[in-house]
Amino acid sequence: ELRKKGKIGESDEEAEKLLDRGLGECWLGNPRVAGAVREAMVHFDGIKYALLAWCIMPNHVHMVVKLLEEETLDSVMHSIKSFSAKRANRILGRKGSFWQREYYDHVIRSEEELLETVKYVLWNPVKAGLEDWEWCGTEEKFVSSYERYVVGEETEEKPAGTPALQDA
């Protein structure tokens with residue numbers, strides 16, 4: 001959407017910087033709207049996918065999922081967007097499109113890449129300057145791997161600003 005309007009170039013890095021600055025509608029900054037989106041993500045966890053990590057930013061959402069058999073990413077995204085858009089629009093007292101049609105996806109091919117992606121998702125609020133951001137989480141079984149990867153095995157202490165890990 002931003003590319004179509006000439007607001008950004010072709011670079012994903014450029015797009016991320018603009019999103020981190022809060023460009024566009026920030027409806028997800030409303031705790032009730034963010035809660036509705038989280039509820040949609042959790043609702044389909046175990047039905048359509050395994051939700052490994054997530055972060056709801058004020059103007060976009062990150063999810064790391066493992067699709068379950070017979071599911072497609074298009075079907076999953078349609079379910080989440082449809083379910084959450086109805087509730088969000090009701091909360092905001094508005095009608096019309098809530099989500100952009102397209103979405104960005106990336107295939108994860110290794111455990112190292114998975115841990116790097118989870119790190120990126122969970123640190124997104126810190127990178128954007130959002131302190132004590134509560135709208136992030138990861139599945140419990142990935143917490144120990146994540147902490148070993150990010151913090152290091154030799155220390156029990158997390159660096160300042162480490163996002164809280166919570167069950168989705």
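Rule-based calculations on the coordinates, nothing more; no lab input. Quantities reported herein were computed from a predicted structural model and do not represent experimental measurements. Cβ placement follows ideal geometry from the backbone for every residue including glycine, while neighbour counts extend to all protein chains displayed.
With the highest mean first, a sort of the peptides 120-126, 53-59 on other beta-carbon atoms found within 10 angstrom per residue produces 53-59, 120-126. Under 5 Å between amide hydrogens, built in the peptide plane, is the criterion, and for VAL65 it picks out LEU52 among residues at least 5 positions away or on other chains. With the cut-off at 1.5 for a/c, could you classify segment 53-135 from its C-alpha gyration tensor as rounded, prolate or oblate? The shape class here is oblate. Look at the alpha carbon pairs under 8 Å that are at least 6 residues apart: their mean separation over the length of segment 30-108 gives a relative contact order of 29 percent.
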